[in-house]
1. Given Cβ point charges of +1 (Lys, Arg) and -1 (Asp, Glu) and nothing else, what value in debye, to the nearest 20, does the dipole of region 3-61 about its Cα centre take?
2. Counting pairs on different chains as well as pairs 8 or more places apart, how many Lys pairs in the chain have Cα atoms under 23 Å apart?
3. Convert each backbone phi in region 180-186 into a coupling constant with the Karplus relation 6.51 cos²θ - 1.76 cosθ + 1.60 (shift: θ = phi - 60°), then list the ³J(HN,Hα) values in order as whole Hz, x for Gly and Pro.
4. Kirkwood Rh and Cα-based Rg: tell me the resulting Rg over Rh for region 3-61, rounded to two decimals.
5. Is it possible to state the helix-based mean residue ellipticity at 222 nm for the chain, with each DSSP H run of 4+ residues giving -39500 (n - 2.57), the sum divided by total residues, to the nearest 500 deg cm²/dmol? What is it?
6. Collect residues whose amide H, placed 1.01 Å from N in the peptide plane, falls under 5 Å from the amide H of S148; neighbours closer than 5 in sequence don't count.
7. With just the Cα atoms defining each centre, how far is region 159-196 from region 1-62? Give it in Å.
8. Give me the percent relative contact order of region 66-195, please, defined on Cα pairs under 8 angstrom at least 6 residues apart.
Amino acid sequence: MNLHTLKSEIAATAAALVVEEGLEYGPAKRRAVKQMALPARTALPDNDELEDAVREYISLFCADTQPTELSALRALALVWMQRLQQFRPYLGGSVWHGTATRLSDIYIQLFCDDPKSAEIALIEHNVNYEPRTVTGFNGGSVEALSLSSLCKPLNETVGVHLMVYDHDDLRGALRPDAKGRTPRGDLAAVQKLLLTPIESP
């Protein structure tokens, strides 16, 4: 099997784990390698290849349910973005790009003048959250405030992750990604998405 075919096979196996189990891309690729009994050092598909495989999997197996689930998650994301409007929220990840299912988490990036202000706002509103440090889109460490929020239409508790950036990071945040797409969207962009009928990916 040539390298390109092998990467496609890994991407297809990982895509099933992303959609069916809600795994993040990194863990899904590693689990796929294990499931396929490949050496640990096997070359992995990149995230764009995996995203293409996820879209393909959704269109084959979840085309009837996924658009409704995606709309429900985008609506929930919008609620949190409105609550945190003062921190310039942007939606990223699979909920923004349209590959999310009921098992997906919501990733919202906040661009704050004062990094502690978002955390203080959550405390003032009695929101239970867990702070942790993650790698941000610019490769550096950022604080993530993770909480759970009930998505009533799905009857699921969804993970909502608020990544806290400096206001200055916003400039680099809107550069198009490798596929030429806007990598994240603000409140108005998410509202527009919710008004547009979802086509199957």
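All of the numbers you see were taken from the coordinates with simple rules; none came from a lab. Keep in mind the model is a prediction, meaning the values are calculated, not measured. Heads up, the Cβs are rebuilt from the backbone with ideal geometry, glycines too, and the neighbour counts pull from every protein chain shown.
1. Values: 7 positive and 10 negative charges, 74 e Å.
For this selection, approximately 360 debye.
2. Numbers: K7/K29; K7/K34; K7/K179; K29/K179; K152/K192; K179/K192.
Value for the chain: 6.
3. x, 9, 6, x, 7, x, 7
4. Numbers: Rg = 10.2 Å, Rh = 11.0 Å.
Checking Rg against Rh, the ratio lands at 0.93.
5. Details: 8 runs with 90 residues, N = 201.
Per the formula, -13500 deg cm²/dmol.
6. Distant-sequence amide H within range of S148: V160.
7. Going from one Cα centre to the other spans 25 Å.
8. On the way: 218 pairs, mean separation 37.9, N = 130.
Worked out over region 66-195, it gives 29 percent.
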